[in-house]
Amino acid sequence: MHVATGQDTPLSHLAWLADGRIHGRNLPGEFLNGFTSNGERYLALPHDVREITIRDLATGMAMVSCDSENIPGYDCDGNYRLMEAAALVSDDFVLAAVNTDDFASDFEEHLLLSTRSLRWQATADYSRDMTQNAIAATDGHGRWITTGQDTTVRLWQLPDSISDEVPGQLQLW
C-alpha cells in the first residue's frame, strides 16, 4: 500500500498477517502500483524522484527503471507528463497514464510499456476520452478497468499479440 502525505513523497509499505498479527516493512519507491503474478517484483511510480521503476520485493533494488520524462520509444517530442496512475496489467506489461496537453484538460492517455525495459510498446486507443486517474489493474492476466467521463466502469484486455522487445533484449523473469 502507499500512503499519501499531501505534497510530500508518499510512503510505501508491505503488510502481511502472521500468527494473528499484522507485520510490515517500508518499501523503496514512491507510488506503489502493483505486483507481478509471483509477487517477487513491484511497480513504483514517481512523486519527487522522476523514475518509473520495477523493483525486487525482497531487496528493494531497482530491476529496471526509466526517466519519467524520457520513456524509451515514446516519441511525442517530450510533450507529456507522467500521471500518478498506472496498472501492472501482466508480468510483461504496464499501462502508465500521461497527460499530453500540459494539463489544459483532465484527460490522460495510457501507454503500454514493457516490464523488462519500460520501453513504449503502444498507446491504448479506447475511442473515448479517459479522465485523470481512470485506470486500475485487475487480476494481472492482461486485464484492467477504466472509468471515463460518463463514469461507466469498463473492463479491457490486451490483444493476443503485441510486438515484442528490441531483438536481443534479455528477459529478466
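The values are calculated or read from the model by the stated rules, or taken from the named source; none is laboratory data. From a predicted model like this one, the values you see are computed outputs, not experimental measurements. Here Cβ is always computed from backbone atoms with ideal geometry, including for glycine, and neighbour counts include all displayed protein chains. Surface areas here come from the heavy atoms of the whole protein model, side chains and all, with no ligands, DNA or RNA. Shrake-Rupley method; radii C 1.70, N 1.55, O 1.52, S 1.80 Å.
Structure notes:
- Heavy-atom accessible surface of the chain, averaged per residue, reaches 55 Å², computed with a 1.4 Å probe.
- Compactness ratio for region 93-146: Cα radius of gyration over 2.2 N^0.38 Å (N = residue count) comes to 1.14.
- Added length on full extension, which subtracts the Cα-Cα distance from 0.36 nm per residue, Asp129 to Leu57: 22.5 nm
- Note on region 21-106: the C-alpha convex hull projects to 6.9 nm² when averaged across all orientations.
- Taking the Cα centre of the chain as origin and assigning +1 to Lys and Arg Cβ atoms and -1 to Asp and Glu Cβ atoms, the resulting dipole is close to 620 debye.
- Sparsely packed GluC sites (Glu not before Pro) within region 29-109, loop by DSSP, other Cβ within 10 Å at most 14: Glu40, Glu69
- P(r) for region 67-120, from all Cα pairs and a bin width of 5 Å, is 4, 22, 30, 25, 13, 4, 1 %, short bins first.
- The chain: proportion of alpha-carbon pairs further apart than 24 angstrom, %: 35
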